[in-house]
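Heads up: the structure comes next, in structure tokens.
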Amino acid sequence: MWIDTHCHLDAPEFDADRDAVVARARAAGVAQLVLPAVEVAHFAAVRELAHAHGFAYALGIHPLYVQRAADEDLARLDAELAAQRDDPLLVAVGEIGLDHFVPGLDRERQERFYVEQLKIARRHGLPVILHVRRSADALLK
Ligand SMILES: [Zn+2]
């Protein structure tokens, strides 16, 4: 049995053949997928997609989406986690982290969102799904 621990199945790249991708994964023995969200605007779609297929999912704000996220999105994440607290398919906060690979990103804003989401995850008793690109030292610190 295989588990795909990180699949952005909600991404528009899959719009044309999402069901076929799921069918191929199942045929290959993938019994479970974890779908991490990347921004608040995707939360409902990720949750609905997970429930449609019985997949696990995570809610969070990805470091590549931090610059277009609003400060209030952290409170929206917190509220959504509270609203879905009894959902057995909600398994983590993610995808969160630090990206020091892509040029031009605001590292301070990334770090603030990362730290705040770690606090939110702890409050909700959930593990985190981390995005780490050229940022391992800063992320662990
Ligand atoms: Zn990812």
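Read the figures in this text as sums done on the coordinates, not as results from a lab. Small disclaimer: the values here were computed from a predicted structure and weren't measured. All Cβ positions, glycine included, derive from the backbone under ideal geometry; neighbour counts span all protein chains shown.
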Calculate one ³J(HN,Hα) per residue across region 61-77 by plugging θ = phi - 60° into the Karplus curve 6.51 cos²θ - 1.76 cosθ + 1.60, and present them in order as whole Hz with x for glycine and proline. 10, 5, x, 6, 10, 5, 5, 9, 6, 8, 4, 5, 5, 5, 5, 5, 4
Ranked 109, 68, criterion: other C-beta atoms within 10 Å, fewest first: 68, 109
Amide H contacts of residue 131 (H built 1.01 Å from N, under 5 Å, at least 5 apart or other chain): 96, 97, 98
Rounded, prolate or oblate for the chain? Axes are the square roots of the Cα gyration tensor eigenvalues, ordered a ≥ b ≥ c, and the cut-off for rounded is a/c under 1.5. prolate
Enumerate the calculated ³J(HN,Hα) couplings along region 43-56 in order (Karplus 6.51 cos²θ - 1.76 cosθ + 1.60, θ = phi - 60°), each rounded to whole Hz, writing x wherever the residue is Gly or Pro. 4, 5, 5, 5, 4, 5, 5, 4, 5, 5, 10, x, 8, 7
With x for Gly and Pro, the residue-by-residue ³J(HN,Hα) of region 11-28, computed from phi through the Karplus equation 6.51 cos²θ - 1.76 cosθ + 1.60 at θ = phi - 60° and given in whole Hz, is 4, x, 4, 9, 4, 6, 9, 4, 5, 5, 4, 4, 4, 5, 4, 4, 5, 7
